[in-house]
Structures are given as structure tokens and as C-alpha cells.
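Here is the structure we will look at.
Nothing in this text is a laboratory measurement; each read-out follows from the coordinates by a stated rule. Predicted model, so just to flag it, every value in this text is computed and none were measured. Cβ: placed from backbone, ideal geometry, glycine included. Neighbour counts: every protein chain shown.
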Amino acid sequence: MGNLKRIWMVLFVVGIIPLYSASGQQMQKVKKVIVIDPGHGGIDSGAIGINELKEKDIVLEIAMEMLKWNKTVLNNRYDIYLTRYSDTLISLSHRAKLVNIVQPDLLISLHGNHSVNPKAKGIEVFVYNNIDTKSKNGRQSVKMANYIIKQLGEKLGYRTRGVKKENFQVLRETINTCPAVLIELGFLSNKDEVDYLKKEQNINVLALAILMSIKIK
Ligand SMILES: [Zn+2]
């Protein structure tokens, strides 16, 4: 980090530069912050596809593409942080801790599915099973999950398996901080879906579609 950038950052952190800055008559709001959590990594490959594709690699590729799209097409609409930027294993509790430190407006955890039934296919989005739908984070999580399912189904023609509830640690330990969803991006045990995920152009499209599904209030 250059010295000048560091100085600006320090001024920002200590509150000399306000979070809201006046631009003309309008007050411009600060950017929304998103944490993307590519599952698994390192010695934990996650699911392994019938074409040897590894879940840890696909989810990282999609997360990195989301970073790129945000910079280019969305002109840095969001501040996006990843829980991992490389092929390393980070514990679930560390991922949750990072989210709780960053205090984002949304957490999206990315995974790939697997089944002993080779015909099982489709996309699923999970929210925490003990979610309080009266709380803001609970309400927003369910809304976001439904919207992602709808968008990926309509825009990409994915078979959708609906919004589901599960006691996933990364959701459980972050729901008091922000809306949190976990996307299962198709079955690596299904030939059609794993072949789809093997193509770079599909990864790019999928990353953009997820990014465009984000609605944060
Ligand atoms: Zn997984």
C-alpha cells in the first residue's frame, strides 16, 4: 500500500472523513459490503465431480469472477471480500469470524452438491434452519435466497430445488451479523451439471448471474 493511500485509510478509520460525503445537494451513501465464501480449499476438495472437477476449485473460480465482474461491468458497485483468495483451507469458525469482523451487508457461501443418485440435479439455496424471520437479517436472508433461485432458474435455465433450511455452521455463526445464504451450484455427481461447470464461459456467466441477483437494502 502506498503512503498516500495509507494516510487516507487511517483518516477514514479514525473518522476524520465521514462515512457519508456530500455531493451537491445529495448525500451519497457508502458502498454495500459483501463477503463471498468459496467453500472448502487446500486438502479439503469438497465434492469431486465425475469428470474429476473439484468443488473447491469451481467455487473459488466463481468467486474470483464475481470480483472481476464487480470491477468491470458493475463499476465497483460493491466492496467485495473473499474468505479465501487461493487454494487454502480455512476453518468454518475462521470464516464466520472474518464475516463478524468485516460486518458486511450480505454473506454468500458458495458450494457444489453431490449425490449417490447420478440423476439428482439442480440448484439449492440454504438459509439457517433456526432463522428468526421477524428479524431483519432473517427476513433478508429468505428474500435473497428466493431471489437467487428465481434468477438462476430463469436466466440460466437451471433446475431449481428451492430454498432450504439447514444448520450450517457458517450460516449459524453469522446470522446475527448479516443476511446469509449458502448456494449449492448444481450437482458434481450429475453429468450435465458437472460438464456445464467445467466450461470457463459458463463459470463467467454463473458468476455474473449471482452478482446480478444481489439485492441489498
Ligand atoms: Zn461444499
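Can you give the % of DSSP beta bridges in the stretch 31-212 that are antiparallel, to the nearest 5? Mind showing how you got there, number by number?
Working: 5 of 26 bridges.
Of the beta bridges lying entirely in the stretch 31-212, close to 20 percent run antiparallel.
Quick check: from the Cα gyration tensor, does the stretch 31-212 come out rounded (a/c under 1.5), prolate or oblate?
rounded
Add -39500 (n - 2.57) for each DSSP H run of 4 or more in the chain, then divide by its residues: what number comes out at 222 nm, to the nearest 500 deg cm²/dmol?
-12000 deg cm²/dmol
Please report how far the C-alpha centroid of the stretch 78-105 lies from that of the stretch 195-217, rounded to the nearest whole angstrom.
After rounding, the separation between the Cα centres reads 20 Å.
Once amide H atoms are built 1.01 Å from N in the peptide plane, which residues 5 or more positions from Lys32, or in another chain, come under 5 Å H to H?
Asp79
Put +1 on the Cβ of each Lys and Arg and -1 on the Cβ of each Asp and Glu in the chain; which of Leu171, Gln103, Asn202 then has its Cα farthest toward the positive end of the dipole?
Final value for the positive-end residue is Gln103.
Suppose a student asked you for the relative contact order of the stretch 31-212, using Cα pairs under 8 Å spaced at least 6 residues apart; what percent would you report?
31 percent
If we sort 122-130, 201-209 on the protection proxy, mean other Cβ atoms within 10 Å, highest first, what's the order?
Working: 122-130: 20.2, 201-209: 17.4.
Descending packing order for the listed peptides: 122-130, 201-209.
Please report Ser91, Ser213, Ser135 as a ranked list, fewest other C-beta atoms within 10 angstrom at the top and most at the bottom.
The most exposed by this proxy come first: Ser91, Ser135, Ser213.
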